[in-house]
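The values are calculated or read from the model by the stated rules, or taken from the named source; none is laboratory data. Bear in mind that the values here come from a model prediction, so they are computed numbers and not experimental data. Positions of Cβ are backbone-derived with ideal geometry, glycine not excepted, and every protein chain shown enters the neighbour counts. Each accessible area value is taken on the protein alone, full model and side chains, heavy atoms only, with ligands, DNA and RNA left out. Shrake-Rupley method; radii C 1.70, N 1.55, O 1.52, S 1.80 Å.
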Amino acid sequence: MKKLVFIFCFLFCANAFSQILSSSVEKKTIALGEVNHIIVTINNLNNEKISAALENELLPFHFEEVKDSISQTKDIYYRRIEFAVFEEGKFTIPELEFKVGGRILKTIPYEIDVINTAQKDDQINDIMKNKEVQLEVTDYWELYKFYILAAIAVIALIIAIVIFVKYGRKPKDSPVVATNQTLKELDALKKKKYVETGNYRSFYVELIDISRKFIAKQYRLPADVLLTDDLIDLMKKNNTISQENERVVEEVFVRGDLVKFAKTFPDQKTMEKDLADIREFVKRSSKDLEFENLRKDV
C-alpha cells in the first residue's frame, strides 16, 4: 500500500512541475493561398529559457509564413503562426523542436491538404475598382523618358549619317580627287616603258590625252576638244592657269603634235623631262585654283 502511495505521489509531482508542450492546427484542408494557423503552447516553464527557430523561420519550405507572433511569461510560452501554401498537394509540417532548459520538446507532425477551389469557368473580378489618377508632365517624362531619349539618339544618328554622306565625303570631281587620279595615270604610263624602249609616239599620245582630260576636269576648260593652238590661246586669255603651268603645257603639247606628225624625234632625256614637268604641273594645279578662288572673292 505504501508503494502505491509513493508511486502516485511521484507521478503527481512530475506532472505538476515538468513542462507540457501542446500544439494545434486550425485546418487540415485549406485552399490555395488561404491563411491557416498553428499554435504551440508550453506550460510550467518556471522561468526556463526557450530556444527555438527564429521568427518566420519555424516552418519548412512550401509554408509561406504570414505572421509569427511570440509571447512568453515566466510560466507559459505561446507562439501563433499564420501561414499559407501556394501549391496544390499534401504537405507535412514536421515535428517542431523547442529546447526548454536541458530538455527538447517536440510537436506532433501535421499533414495539410492544399486544394484548388477555383473552377475553370469562374469569373475573375477585381478586388477593387480601378482608380483614375491624373498624371502630370513630369509623370509622363518618368514613364517614357528612356523611349524619348532613344528616339532622339536614333534621329541624331540618322542626321549625322546624312550630313556625312552629303558633305563629309569628297566628290569624285573635286580637285584633290582629280589630282590623285591623274598622278596614278601618269605612274601607269611610266610603267609601260615607252621611254626605255624609244616608243615616243605612243608615249606622247597617251601623255597628252591624260593631260587634256586633267585640264578639262580641273580647270573646266574644253581641252579634250580644242586644238593645241586654240587651247593655249584660251588658257592665256582665261588667266586661271599660272604662267609657269601654261609654259609646261605649251611646250609638251607642241612637242607632242610634232611627234605625232613625225616632224621631231625626241630622245629619252626629253621624254623623261616632259613626264616629270606634267607631273609637277598636276601637283601645282591646286595652287592655281586657290589663287582663282581668292581672286573671285576679291
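For segment 189-232, the calculated P(r) over all alpha carbon pairs, in 10 Å bins from 0 to the bin holding the longest distance, is 28, 42, 27, 3 percent. With N the number of residues in segment 179-298, Rg(Cα) / (2.2 N^0.38 Å) evaluates to 1.06.
Over all directions, the projected convex hull of the C-alpha atoms in segment 47-90 averages 3.6 nm² in area.
For T228, neighbours were defined as the other residues whose beta-carbon sits under 9 Å from its Cβ, and their charges (Lys and Arg +1, Asp and Glu -1) total -4. Taking θ as phi - 60° and the Karplus parameters 6.51, -1.76 and 1.60, the scalar couplings of segment 48-64 work out to 6, 7, 9, 10, 8, 4, 5, 4, 6, 10, 7, 8, x, 4, 5, 9, 7 Hz in sequence order, x denoting glycine and proline.
What a 1.4 Å probe finds exposed on segment 12-114 is 51% carbon and sulfur by accessible area, rounded to a whole percent. Might you tell me the accessible area per residue for segment 173-298, computed with a 1.4 Å probe and given in Å²? Value returned for segment 173-298: 59 Å² of accessible area per residue.
Once all protein chains are placed together, K283 keeps about 100 Å² accessible to a 1.4 angstrom probe.
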